[in-house]
Amino acid sequence: MIQFSDVSKYFDNESALTDINLSVEKGELVYITGPSGAGKTTLLRLIYRAERPDAGSVVVGGMDVGKLKQGEIPSLRRNTGIVFQDFRLLTNKTVFENVALALRIHGIHPKEIKERVNEVFGDIGLKHKMHEFPQHLSGGEQQMVAIARAIVSKPTVLLADEPTGNLDPDTATIILKLFKEININGTTVVIATHHEALFKGTGRRVVYLKEGRIQKESIA
Amino acid sequence: MKTLSFLFQTAAENFWREKWINALTVLTIAVGLFIISTFALIILNVDVTLKQWSKGFGLVVYLNDSLTAEEEGIIKKYLKQDTDILEINYISKDQALKELKQSLGAMNPVLEGFEENPLPASFELKLKREALEPFLIKKKVGQIKQITGVADVQYGEKWLSSLNSLSEGMKIIGIILGSIIFVAITFVTYSTIKILFYRRAEEIETLKLLGASRGFIRLPFLIAGLFIGILSGIMVLFTLLSLYAFTTSRITELIPAVKAFTTFFPPETYPLLPLGGAAISLIGSIFAIGRIRY
Ligand SMILES: Nc1ncnc2c1ncn2[C@@H]1O[C@H](COP(=O)(O)OP(=O)(O)OP(=O)(O)O)[C@@H](O)[C@H]1O
Ligand SMILES: [Mg+2]
């Protein structure tokens, strides 16, 4: 599903990622971990073409995403659910509208949008705050909404950047359960986190990044 | 279709959120459109006035003294064939003298020195408006002069051509002024939409990351631009209508005859103002948004 081949990425001549070779199969759930500044976010951004590799290639669903034409990028991103590390919720819309937006971009019928958004708010247990604005929610709640927006469109690939950074252990467990569910339904899931507790004992593949290089891979 | 209505809603929300910038833009565009359309209205009225006046304008064909009634009839027949001539009025020698005496009034005795009536008989011709172009008239005068029995042809060449050039001049000024204002209005919308676009830069970035197409991102801005233009046009239309009604009622109170000369744009052209405003601001908006890059 996702294939990194000899990928390097530089920012102002500083290397952020070096010689990354990584393959994630369709239907897999993978953790990317490593200390701050290791390059986790950058690695994810390469997958949805927010960055282009300076060397090597990133192939997603058979497409070399670094070589996509401008007009082909929206469709790549529509098939990718993304939980941004900084949430990126729109402050002038209620959290309901924030989540609905992902479906509107897909051109889904308003009636179905309402049903699906309601459902996902039920899943994350935030139905009672559905019509609040994001800035009136706690950090953890905002994170839940960001996750809801990423999964509501049932994407082919789900990329979650530090999705439990603001969550208490119990809520984190709920979220992980959601990811597992969506994964069972066929979505390929990549989770970037420096919380080792999150994947410990899950039996999933874990990729360790350090200073932009893959240090090791193991099964948690 | 559903997405479209969502984008319209987004445009409306954005429009309301930035109501002060938008109101200012609507007002600025309205001022520009107002100047253009006021100018057009003045030109229209000058034209109508010209037309009204020139209805009474014509050529005077003076005839030789020696002509018999039959010969005069032949000339009249010839003139009748000319489709540019709307009306032919025969003024006999006696009639001419009578009219002259009337207009001289107290100076009447001046004419007593003449033993014979010195005035020639004439045909007064009224011409079609289209035939009143100075060079066309010159041609016609030349033709009529060729007719045997015609002594002379007189016409108000200077008067006509100066009126015509006044109207032409105003049209040229109007076009130049209009183009300048057109560019200015386009630029105003361009800047506004650009500002609105930058103010939403963060939101637009998020939309892009969520996979929104260019149309999805751009359409609300184009709709907003369109709306601004239409709103300005409607405002100007109503301002102009009421201003026109007010001014003409005031003027006709003073000089009732003016009523025959004043006109407003015909109702079927009313939509041109909102449409024109919309077109101009749409162009500005399209330039402002430019190409969306991912
Ligand atoms: N847009 C950018 N411009 C310049 N440097 C950047 C940019 N994005 C990332 N970097 C650099 O690339 C390196 C990797 O950053 P990245 O955000 O991928 O780390 P991370 O593993 O996600 O860290 P964290 O756990 O703190 O989120 C860092 O040294 C960072 O300074
Ligand atoms: Mg990061």
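The values are calculated or read from the model by the stated rules, or taken from the named source; none is laboratory data. If you're wondering where the values come from, they're calculated on a predicted model, not measured in any experiment. Cβ coordinates were reconstructed from backbone atoms using ideal geometry, including for glycine residues, and neighbour counts include every protein chain displayed. Protein only, heavy atoms only, side chains kept; ligands, DNA and RNA dropped before computing areas. Shrake-Rupley method; radii C 1.70, N 1.55, O 1.52, S 1.80 Å.
Tell me, what does the Kirkwood hydrodynamic radius of the range B:177-245 come to in angstroms if you use every pair of distinct C-alpha atoms?
Numbers: mean 1/r = 0.0707 Å⁻¹.
The Cα-based Kirkwood calculation yields 14.1 Å.
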(message) Run the reach check for B:Lys51 against lysines, Cα to Cα strictly under 24 Å, same-chain hits fewer than 8 apart removed. What comes back?
(response) B:Lys80, B:Lys126, B:Lys128, B:Lys138, B:Lys139, B:Lys140, B:Lys158, B:Lys171, B:Lys259
(request) For peptide A:103-110, compute the average count of partner chain beta-carbon atoms within 10 Å of each residue's beta-carbon. (result) 5
(message) Please give the Cα centre distance for the range B:217-274 versus the range A:32-101, rounded to the nearest Å.
(response) 51 Å
(request) Output the direction-averaged projected area (hull surface divided by four) of the convex hull of the alpha-carbon atoms of the range A:37-153, in nm². (result) 8.5 nm²
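Which whole number of Å³ per residue matches the convex hull of the alpha-carbon atoms in the range B:107-216? Mind showing how you got there, number by number?
Numbers: hull volume 21.4 nm³, N = 110.
Convex hull of Cα atoms, per residue: 194 Å³.
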(message) Once ligands and nucleic acids are excluded and a 1.4 Å probe is used, how much of A:Asp86 is accessible, expressed in Å² to the nearest 10?
(response) 100 Å²
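Taking Rh as the Kirkwood radius computed over C-alpha pairs, what is the Stokes-Einstein D of chain B at 25 °C in a medium of viscosity 0.890 mPa s, expressed in µm² per second?
100 µm²/s
Normalised by the residues of chain B, what does the relative contact order come to in percent, with Cα pairs under 8 Å and at least six apart? Kindly include the intermediate steps, with their values, before the conclusion.
Details: 307 pairs, mean separation 88.3, N = 294.
Relative contact order here is 30 percent.
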(message) Let me check against my output: what whole-number percent is the relative contact order of the range B:58-155, with C-alpha pairs under 8 Å and at least 6 apart?
(response) 52 percent
(request) Springs between alpha-carbon atoms under 10 Å, Gaussian network over chain B: tell me which of B:Thr28, B:Thr192, B:Thr247 tops the mean-square fluctuations. (result) B:Thr247
(request) Taking the Cα atoms of the protein assembly as shown, report the difference between the largest and smallest coordinate on each principal axis, in whole Å and largest first. (result) 137, 46, 38
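Averaged over peptide B:71-80, how many Cβ atoms belonging to another chain are found within 10 Å of each residue's Cβ? Mind dumping the intermediate values first?
Values: counts 0, 0, 0, 0, 0, 0, 0, 0, 0, 0.
Counting other chains' Cβ atoms within 10 Å and averaging over B:71-80 gives 0.
Taking only DSSP H segments of four or more residues, each worth -39500 (n - 2.57), what value at 222 nm results for the protein assembly as shown once the sum is divided by all its residues, to the nearest 500 deg cm²/dmol?
Values: 16 runs with 275 residues, N = 514.
Counting only the DSSP helices, I get -18000 deg cm²/dmol.
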(message) On the Cα set of the range A:87-154, report Rg and Dmax in Å, please.
(response) 10.6, 31
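Take the Cα pairs of the range B:58-155, get the Kirkwood Rh, then feed it into Stokes-Einstein at 20 °C and 1.002 mPa s and tell me D in µm²/s.
On the way: Rh = 14.5 Å.
In µm²/s, the coefficient is 148.
Under the definition of partner shielding as Cβ atoms of other protein chains within 10 Å of a residue Cβ, what is the mean value for peptide B:212-218? Kindly include the intermediate steps, with their values, before the conclusion.
Working: counts 8, 7, 3, 1, 5, 2, 0.
Average per residue, whole number: 4.
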(request) Could you tell me the distance between the Cα centroids of the range A:184-209 and the range B:20-89, to the nearest Å? (result) 86 Å
(request) Would you mind checking the pairs A:Lys129/B:Lys19; A:Lys9/A:Lys216; A:Lys9/A:Lys177; A:Lys93/B:Lys208; A:Lys111/B:Lys194; A:Lys111/A:Lys177 and listing those with alpha carbons more than 25 angstrom apart? (result) A:Lys129/B:Lys19; A:Lys9/A:Lys177; A:Lys111/B:Lys194; A:Lys111/A:Lys177
(message) Run the Debye formula on the Cα coordinates of the range A:1-92, all scatterers equal and no solvent, and tell me log10 I(q)/I(0) at q = 0.18, 0.20 1/Å.
(response) -0.87, -1.06
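Counting only protein chains, not ligands or nucleic acids, how are A:Tyr48, B:Tyr62 ordered by accessible area (probe 1.4 Å), most first? The partial results should precede the final answer.
Values: A:Tyr48 10, B:Tyr62 60 Å².
I get B:Tyr62, A:Tyr48, largest accessible area first.
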(request) For chain B, set up a Gaussian network in which alpha carbons nearer than 10 Å are linked by springs, and say which option among B:Glu124, B:Glu99, B:Glu112 fluctuates the most. (result) B:Glu112
(message) Limiting things to C-alpha atoms, what are the Rg and the maximum Cα-Cα separation (Dmax) for the range A:109-220, in angstroms?
(response) 15.3, 48
(message) I need the shape label for chain A. Rule: rounded when a/c is under 1.5, else prolate if a/b > b/c, else oblate, with a, b, c from the alpha carbon gyration tensor.
(response) prolate
(message) With a 10 Å cut-off between alpha carbons and a GNM built on chain B, which of B:Gly211, B:Gly284, B:Gly225 moves the most?
(response) B:Gly211
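Please compute the contact order of chain A in relative form: average sequence separation of alpha-carbon pairs under 8 Å and at least six residues apart, divided by the residue count, as a percent.
30 percent.
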